DNA sequence: AACTATAAAGCAAGCGCTTGCTTGATTAAC
DNA sequence: GTTAATCAAGCAAGCGCTTGCTTTATAGTT
């Protein structure tokens, strides 16, 4: 295996620093130190600081899109797609936490053109979810409700993972996905109305 | 009603700009323009740029704490507290979107001491939710599950509202809270097992 | 194996500009 | 007549990025 190219090391440094301190809070000189070169030398590999931001935000966008396509081709039933979509989403957030963080937060710092590129990938990702949810409702497997709120329920929970997840902690991404799916699909309320309990006992 | 003091106008300018472009992405000169003075004149009212950040992040923290205390004193049953807590939380995020955004995002830019102040208020807020959830479980009204994930479910959904809510849009904060509560409490899955449907028809 | 040609990569220095903040004089309010 | 607020001007430091030059790695020729 070839050792990582210098460009990769610079990207890794920027990824870490942007995700930790934000784009505007990170200087070219800090990235250079973390990559082990002088700041001027960065420009043999990149064109601008914003280039780095775009590349990292795009990594995030692509990771989510890739995950959605994989789920869609592997599973057919809408409920399977929602469950596995949630799992895949959480896996991206947890395993590519830095890129995901930059994707969620720092795209505002991009120039208009590049922001549009990221925005359009975000939109395409949402379309997958909208489709899964509407198919689930059509089949009677998902509660009849405003699909927008169903989507927001699932994605809010999955997105927020980047705020608290720490690698090597108590829970793996799989654990997290399972816990959330159980709660989101069945609700945080008690299992079933009292009448149903009676039925079970009868 | 007295017109807003100059300090208030400076705070309002900083609140808007910090929430839109981030702390590091906002300059003292921009705040001054928005407040209608020259940048030097700001320093008759503030001690430093970071003072502004702290004050705004603290507004957010206090708004959430205040809301939780109000819910706790007005409602006794855990499920009521959870439902009304969700509603109150979403109201804060929507009505004080700028402070909430700064509270969620920009506290990283604070000095250690001040970050700890904000962090401890965040912790105190979480204690309310943890208590409500555990009481709900003890009473058999909330599904037996890891309380941490129940809390994260509710708060993730409510927090993420700041990412998409636009004042004057299709939904009021009350609408949003109601939609989410229905979905979170009952689940996004179909209403009930088939056996219960039969019972209903009997 | 030794020498040279070429290009990639790194360095020290510093460019023009912006940053947060300070200063000393001036104005306005009571 | 005192005090607080505002101004124009500017400070030191740091910003993203460029420059001119040197080092290092690779390839081809002998």
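Couple of notes before you dig in:
- Rg and Dmax of the stretch B:89-163, both derived from C-alpha coordinates alone, stand at 14.3, 44 Å.
- Going from the fewest other Cβ atoms within 10 Å to the most, the residues A:38, B:154, B:66 appear in the order A:38, B:66, B:154.
- Cα centroids of the stretch A:9-33 and the stretch A:59-136: 24 Å apart.
- Taking the helices alone, chain B has a mean residue ellipticity at 222 nm of -23500 deg cm²/dmol, built from -39,500 (n - 2.57) per DSSP H run of at least 4 residues and averaged over all its residues.
- Average beta-carbon neighbours from other chains, 10 Å sphere, peptide A:140-146: 4
- Label point of residue B:66 (7 Å along Cα→beta-carbon): distances to the other copies' equivalent points are 4.7 nm, sorted ascending.
- Calculated P(r) tail over 12 Å for the stretch B:75-124, as whole % of Cα pairs: 70
- The mean number of Cβ atoms from other chains found within 10 Å of a Cβ in peptide A:156-167 is 4, as a whole number.
- Cα Rg over Rh - chain B, Kirkwood: 1.08
- Label distances, nm, residue A:7 versus same residue in remaining copies, Cβ-directed 7 Å point: 5.4
- Within the stretch B:103-139, backbone nitrogen closer than 17 Å to the virtual label 7 Å beyond the Cα of residue A:164 toward Cβ: B:104-105, B:119-137
- Chain A: angle of helix A:112-138 to the longest principal axis, Cα-based, in degrees nearest 10: 10
- Rg and Dmax of the stretch B:1-46, both derived from C-alpha coordinates alone, stand at 10.4, 35 Å.
- Shielding of A:107-119 by partner chains, average beta-carbon count, 10 Å: 1
- Cα pair distances exceeding 32 angstrom across the protein assembly as shown, given as percent: 42
Quick note: the coordinates plus some simple rules give every number you see, no bench work behind them. Predicted model only: the values in this text are computed from it and were never measured. Positions of Cβ are backbone-derived with ideal geometry, glycine not excepted, and every protein chain shown enters the neighbour counts.
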